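Participant: Structure below; questions to follow.
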Amino acid sequence: MNGFETVLYEKHQSVAHVTLNRPQALNAYNVQMRDDLYEVLSAIRVDDEARVVVFSGAGEKAFCAGADLREFLTAPSAVKARKIRAVRDLWKLFFSMPQPLIAALHGYVLGSGIEISLFCDIRIASEDVVFGLPEVGLGILPAAGATQTLPRVLGLAGSLDMLLTGRRLTGQEALAMGLVNKLVPRDKLMETAEEMAKKIASYHPAVVQNAKQAVRRGMDLPLDQGLELESRLASQIKR
Ligand code: CO8
């Protein structure tokens, strides 16, 4: 699987690496990237050899500076965009990935860039990271899940602070608020993500995937139903 215009894909042993690859535009998310990511994730989803996925951004300056603002101005109408989304819902696909997803974040992580990272299960960032959700200031709502995914990570107060003010967060602030799991020097970012990915990949894949599912799905259930889900998923593991 290769030859994508906006995304690099590699697999080292059991770890899949997906790199956003438009460094000249700070890896801004455009229609081509949506299509490339859709194809790559659809393939990884059913690849038993890919036990963990690491997402990162090419170039020195950014994981992703948000939606491609140049393209946005020439984009099809909102009605067309909704129709496309109905058949190629990348965000739903992200959310349905059975494998653990790790985001390795550096530089600017803005708008859709944060939203991509919020679909990941673990976020590791380098000390130069800058987070921000400028959408409300641009006159739109974040439409790739942030109004729903962010509060599930940060809680109400931190999410509303970020969403409504659009202020930028440093890595230290993001760590203190719980937006990232770990903050590391820039030259240790990929090494740290890879190490974590390899460790998770060394565990029994069904146990890992069921644990992820229990936590992710359980978050949205009342406790009694969450406990039932947990026991159902635990009993599926064959030893
Ligand atoms: N889209 C397209 N190109 C971009 C983007 C982007 N989001 N961000 C940066 N680039 C391009 C620049 O145009 C520039 O290209 P060129 O060299 O050809 O001029 C190149 O990347 C390098 O960028 P800068 O020279 O601007 O780099 P700086 O270090 O000076 O600044 C910043 C970095 C602060 C990240 C700055 O580039 C910036 O503010 N970018 C825009 C960030 C942003 O607002 N993103 C949108 C977030 S909102 C979102 O994702 C949801 C949808 C938004 C729809 C909006 C409708 C109005």
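Participant: Using a 1.4 Å probe on the protein heavy atoms only, what accessible surface does Arg167 show? Give it in Å² to the nearest 10.
Facilitator: Accessible area of Arg167: about 80 Å².
Participant: Now, a different point. If I ignore ligands, DNA and RNA and count only protein heavy atoms, how much of Phe95 is accessible to a 1.4 Å probe, in Å² to the nearest 10?
Facilitator: Approximately 110 Å² of Phe95 is accessible to the 1.4 Å probe.
Participant: If amide hydrogens are placed 1.01 Å from N in the peptide plane, which non-local residues have theirs closer than 5 Å to the one on His17?
Facilitator: Here Glu10, Lys11, His12, Val54 satisfy the definition.
Participant: Then there is this: Lys92: which aspartates and glutamates have alpha carbons under 17 Å from its alpha carbon, excluding same-chain residues fewer than 8 sequence positions away?
Facilitator: Straight-distance partners of Lys92: Asp35, Asp36, Glu39, Glu115, Asp121, Asp220.
Participant: I'd like to know which of Met162, Met219, His204 lies farthest towards the positive end of the charge dipole of the chain, counting +1 on Cβ of Lys and Arg and -1 on Cβ of Asp and Glu.
Facilitator: Of the options given, the answer is Met219.
Participant: How many angstrom lie between the Cα centre of the stretch 29-52 and the Cα centre of the stretch 135-206?
Facilitator: 20 Å
Participant: Still on this model: When we measure straight from the Cα of Lys188, which aspartates and glutamates land under 13 angstrom away, once same-chain ones fewer than 8 places off are left out?
Facilitator: Within reach: Glu127, Asp128.
Participant: May I pose another question? Output the relative contact order of the chain, whole-number percent, from Cα pairs under 8 angstrom with separation of 6+ residues.
Facilitator: Worked out over the chain, it gives 17 percent.
Participant: Could you compute the longest span of the chain free of GluC sites (Glu not before Pro) located in DSSP loops and having at most 13 other Cβ atoms within 10 Å, not counting the site residues?
Facilitator: 61-239
Participant: What spacing in nm lies between the two simple spin-label points modelled at Arg217 and Leu156, each 7 Å away from Cα in the Cβ direction?
Facilitator: Reported label-point gap for Arg217 and Leu156 is 2.8 nm.
Participant: Calculate, for the stretch 97-239, the solvent-accessible area per residue in square angstrom, rolling a 1.4 angstrom probe over the heavy atoms of the protein chains.
Facilitator: Computed with neighbouring chains in place, this is 50 Å² per residue.
Participant: Same structure, new question: Report in % the part of the accessible area of the chain that belongs to carbon and sulfur, leaving out ligands and nucleic acids; probe 1.4 Å.
Facilitator: Roughly 56 percent of what the probe reaches on the chain is carbon or sulfur.
Participant: Follow-up question, since we're still on this one. By the gyration tensor of its Cα atoms, with a ≥ b ≥ c the square roots of the eigenvalues, what is the shape of the chain: rounded for a/c under 1.5, prolate for a/b over b/c, or oblate?
Facilitator: It comes out rounded by the Cα gyration axes.
The values are calculated or read from the model by the stated rules, or taken from the named source; none is laboratory data. In this text, all values refer to a predicted model and were calculated from it rather than measured experimentally. Virtual Cβ from ideal backbone geometry, glycine too; neighbours counted across all protein chains shown. Only protein heavy atoms, including side chains, enter the accessible area calculation; ligands, DNA and RNA are left aside. Shrake-Rupley method; radii C 1.70, N 1.55, O 1.52, S 1.80 Å.
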